[in-house]
Amino acid sequence: MQHYQNYIDGQWRDAANQLTVLNPGTGQPYATIAQAGIDDADLAMAAARRCADSGALSDVRPARRTTWMLKAADAIRAIADEGALVACRENGKSLNDARDEFIEAARYFEYYAGMADKIEGISVPLGKDYVDFTQYVPFGVSVQIVPWNFPVSICARSLAPALAAGNAVVIKSPELSPLAMTLLIKAVEQAGFPQGAVNLLCGQGSTVGSHLVRHQSTNQIVFIGSVPTGQRILKDAAERATPAVMELGGKSAAIVLKDANLETLLASVKAGIFFNAGQVCSAMSRLLIQRDRYDEVKAAVVALAESLSIGLGEDNPDLTPVVSRQQQEGILAMIDQAGTEGAKILTGGVAPDRAGYFVAPTVIEASADMTIAREEVFGPVLVIMPFDSEDEAVALANGTDFGLVAGVFGEGLNQTLRVANRLRGGQVYINEWFAGGVETPFGGVGLSGFGREKGQEALYSYVQTRNIGIRLGQG
Ligand code: NAD
């Protein structure tokens, strides 16, 4: 079995303990990785602090950071195939999707490379006796805690803008899928960033993650993960009033208006809830269908779910395993509870009879008050329900504590836009779920979190404004 290490202060290092990572497609051990302890976390924080305080990253001419970042983008692209195989085996995801993660990661570096030398302040007019201007300055040390569902692209999503803005970074990888991230960081290492600018630790969230969050050298936190962990981190961050970006879960709804194009919709349902086995924060987990089209759309989504190929990530099937046995059991338990609460399992709802952590593509007819219609499942489980009026559709879509994304499917510009304007969430898709990319701001409202990642806007999550006011003398 291959063994992986942590990256601290410019060196690949082992730790006192190690973790075994399983292949979710087979349930068998795949590789081991050094499991960082508190001492390792302290070394990484000290390295990042030294780098931040030295100015090696923040005080150079910004175009220098652009050059480093473009080199990193090239190096990430060059290892996309090798990295994809590791991501596929440790996470279960399809090889194509794993490769896309590396390509997206390269895009983040390219995109923010182009912004590193354009972080410009403004001049504030105060009359002839003053000169006043603003500067955007990096926080210093950014601690970034990453989940297992898209570890490579999500890591790059936060790392790239943080570096572009001149922050040193300590990343905590997820215990279930830490391996491909080490390949990502090996590629970033080739770009020649100053020592200590990037550090990567694989460690337990409750110990190492929590220690990083509360560390006195932590100047900013980026957390991507579940609501309960985010709430815990916010409490810990409050101790030192450390600013945080929170990218949490969702229960996002697509509204299907009566003039929606069925083919367009089905392509989005397939991507929206079955891509990555539904383990997507912005998954289309609810489908609200105008009653005139309810029976037709219901039959079509059930047929779609039943037509999906299921298999190992290497074979690029439609549906891959979920990440762990615990995740599989949690999803099946939520489906069972839905049945107990009176929901109707239209298809799926079981683990296919095969090795590995699979959940059959599932469609459930439920009402809005049921747990399955309110809580995040994080698996290939679509909840459907009918609505009669536009007002009812909007109320249902907005009727959970989450607010990550939402969608509207319909042909009329006036109605789709009118409905979109009333939806609660950081991003609303019209006629294509996941429309957007590296360039489009992403983030939540309510329990889905706050702050934005991606797009130009995200860069400003990684800087603070400093105002310089000058009183002109008479000399
Ligand atoms: P999780 O909250 O269990 O873990 C996320 C990370 O937090 C892991 O690295 C974990 O080790 C760490 N962690 C756990 N306890 C900690 C603590 N006390 N202090 C510091 N770190 C700690 O989430 P998960 O199961 O890995 O990911 C799934 C969740 O992430 C879902 O809810 C999903 O919606 C959400 N998610 C959100 C986004 C987004 O951008 N909004 C993207 C992907 C995933």
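Values quoted throughout were computed directly from the atomic coordinates according to the rules given, and no laboratory measurement underlies them. Remember, predicted model here, so these are calculated numbers, not experimental data. Every residue, glycine among them, receives a Cβ derived from its backbone with ideal geometry; neighbour counts consider all protein chains shown.
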Practice task
Treat every Asp and Glu Cβ in the range 241-371 as -1 and every Lys and Arg Cβ as +1, leave all other atoms uncharged, and give the resulting dipole magnitude about the Cα centre to the nearest 20 debye.
Solution key: 200 debye
Handout entry: Unit charges at the beta carbon, dipole of the chain: most positive-side option, G469, V146, V394
Key = G469
Handout entry: Fully extended contour minus Cα-Cα distance, from R61 to Q28, at 0.36 nm per residue
Key = 7.0 nm
Exercise for the section: Quickly work out the N316-to-E411 label distance, labels modelled 7 Å from Cα along the C-beta direction, and quote it in nm with one decimal. Expected result: 3.3 nm
Completion exercise
In nanometres, the difference between 0.36 nm per residue of separation and the alpha-carbon distance of Q2 and R240 is 81.7 nm
Fill in the blank from the handout: Hydrodynamic calc, the chain: Kirkwood Rh from Cα pairs, then Stokes-Einstein at 10 °C with viscosity 1.306 mPa s, so D in µm² s⁻¹ is 69 µm²/s
Completion exercise
So the FRET efficiency between A16 and R214, C-beta based with R0 = 25 Å and rounded to 0.05, is 0.75
Fill in the blank from the handout: Residue separation between D401 and I103 times 0.36 nm, minus their alpha-carbon distance, gives in nm 104.0 nm
Practice task
Would you mind computing the Rg to Rh ratio of the range 170-259 from its alpha-carbon coordinates, Kirkwood style for Rh?
Solution key: 1.10
Practice task
Distance between Cα centroids, the range 387-448 to the range 343-379: provide it in whole Å.
Solution key: 23 Å
Exercise for the section: Determine the calculated [θ] at 222 nm for the chain from helices alone, applying -39500 (n - 2.57) to every DSSP H run no shorter than 4 residues and normalising by the residue count; nearest 500 deg cm²/dmol. Expected result: -11000 deg cm²/dmol
Practice task
Can you spot the lysines whose alpha carbon is less than 18 Å from K235's alpha carbon? Ignore those fewer than 8 places along the same chain.
Solution key: none
Exercise for the section: Towards the positive end of the charge dipole of the chain, with charges on Cβ (+1 Lys, Arg; -1 Asp, Glu), say which of V170, I122, W433 has the farthest Cα. Expected result: I122
Problem - Inter-site label distance for E82 and F450 at 7 Å from Cα along Cβ, in nm - result: 4.3 nm
Problem - Theoretical FRET efficiency, 1/(1+(r/R0)^6), r = Cβ-Cβ of T440 and D129, R0 35 Å, to 0.05 - result: 0.20
Completion exercise
Here, GluC sites (Glu not before Pro) of the range 29-113 satisfying both criteria (DSSP loop; at most 11 other Cβ within 10 Å) are none
Practice task
Note down the nm distance, to one decimal, between modelled labels 7 Å out along Cα→Cβ at Y136 and at L308.
Solution key: 3.8 nm
Handout entry: Ranked list, fewest to most other Cβ atoms within 10 Å of each Cβ, for W68, W148, W12
Key = W12, W148, W68
Exercise for the section: Would you kindly derive the ³J(HN,Hα) couplings of the range 291-301 from the backbone phi angles with the Karplus curve 6.51 cos²θ - 1.76 cosθ + 1.60 (θ = phi - 60°), listing them in order in whole Hz, with x for Gly and Pro? Expected result: 4, 4, 10, 4, 5, 5, 5, 4, 4, 5, 6
Problem - Point-charge dipole on Cβ atoms (K/R +1, D/E -1) for the range 167-310, about Cα centre, debye to 20 - result: 340 debye
